[in-house]
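The values are calculated or read from the model by the stated rules, or taken from the named source; none is laboratory data. Being a predicted model, the structure only gives us computed values, none of them experimental. Neighbour counts run over all protein chains shown; Cβ positions are idealised from the backbone, glycine included.
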Amino acid sequence: MDIILLKDIEKVGEIHEIVSVKPGFARNYLIPQGLAITANAKNRGKLDDLKSKQEAVIQKQIDAAKAEAAKLEGKVLRIGTKAGTSGKIFGSVTDVQIIAALKDQFGVEVDRKSVEILEEVKELGTYTANVKLHKEVVQTISFEVAQDE
C-alpha cells in the first residue's frame with residue numbers, strides 16, 4: 001500500500017515521502033495516528049501544497065534553533081559535582097546534568113537524546129558536547145566540571 005508520510009518515521013521514511021508499506025501497518029497504525037495519508041490521486045495532488053506549508057514551518061523552527069545556538073556560542077556551562085582530593089569525580093557527568101544546567105544557566109531547553117558528550121567525563125576539568133537543537137542545527141558547547149562547595 002502506498003502512503004504519504006506526514007512526519008519523519010524511523011526505518012520507514014521522511015516527511016512528504018511516498019513509501020510502500022504493508023496495508024495493516026498503514027490502516028491500523030500510521031493513518032489513525034495521523035502519521036500518514038493514503039497516496040491516492042487526490043492526496044498526491046495536494047502534496048505540493050502540503051510541502052510548501054511545511055517548509056515555512058520548518059524554516060521558522062530552524063531560525064529559532066539558530067537563535068538558541070547563538071545564545072550558547074562562546075559560553076561555558078558550569079556543572080558542579082562531588083570529587084575526591086585527586087580530582088576524580090564520583091560517578092560521571094551525564095546528558096541529564098547538561099540538560100538541567102542548560103535550562104538553569106541559559107534558559108535553553110533541549111531533548112535528552114539531543115545531547116552527545118564527546119568524551120568520557122571522570123575528572124574535574126573542561127569538556128565539550130554537541131547539542132542538537134534541530135535536525136540541521138548542531139551547536140558545540142564547552143562545559144566545566146567543578147567541585148561543589
Taking the stretch 22-53 and keeping only residues that are touching a Leu at 6+ places or on another chain (Cβ under 9 Å) and either part of a helix (DSSP H, G or I) or outside the structural domain of LEU6 (by TED's automatic domain parsing) (or both), one is left with TYR29, LEU30, ASN43, LEU50
Determine whether the stretch 78-87 contains at least one residue that is in a helix (DSSP H, G or I), of a type outside the set (Asp, Glu) and out of contact with any helix residue (DSSP H, G or I) (no Cβ under 7 Å at 6 or more places or on another chain).
no
If GLN105 satisfies every condition in (1) among the polar types (S, T, N, Q); (2) within 21 Å of the chain's Cα centre (by Cα); (3) in a loop (DSSP other than H, G, I, E, B) but one, which is the exception?
(3)
Selected residue [farther than 30 Å from ASN130 by Cα, in contact with a strand residue (DSSP E or B) (Cβ under 9 Å, 6 or more places away or on another chain) and either of a type in the set (D, E, K, R) or surrounded by 14 or more Cβ atoms within 10 Å (Cβ to Cβ) (or both)] from ALA36, ALA69
ALA36
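Residue-by-condition table, conditions (1) closer than 23 Å to ILE58 by Cα; (2) free of Cβ contacts under 8 Å to residues at least 40 places away in the same chain:
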| residue | (1), (2) |
| --- | --- |
| THR94 | no, yes |
| ILE99 | no, yes |
| LEU102 | no, yes |
| VAL121 | no, yes |
| THR126 | no, no |
| ASN130 | yes, yes |
| LEU133 | yes, no |
If ILE99 meets every condition in (1) in a helix (DSSP H, G or I); (2) exposed (fewer than 15 other Cβ atoms within 10 Å of the Cβ) apart from one, which number is that one?
(2)
Taking the condition in contact with a Lys or Arg (Cβ under 7 Å, 6 or more places away or on another chain), modelled with pLDDT of 85 or more and either in a loop (DSSP other than H, G, I, E, B) or exposed (fewer than 11 other Cβ atoms within 10 Å of the Cβ) (or both), does GLU120 pass?
no
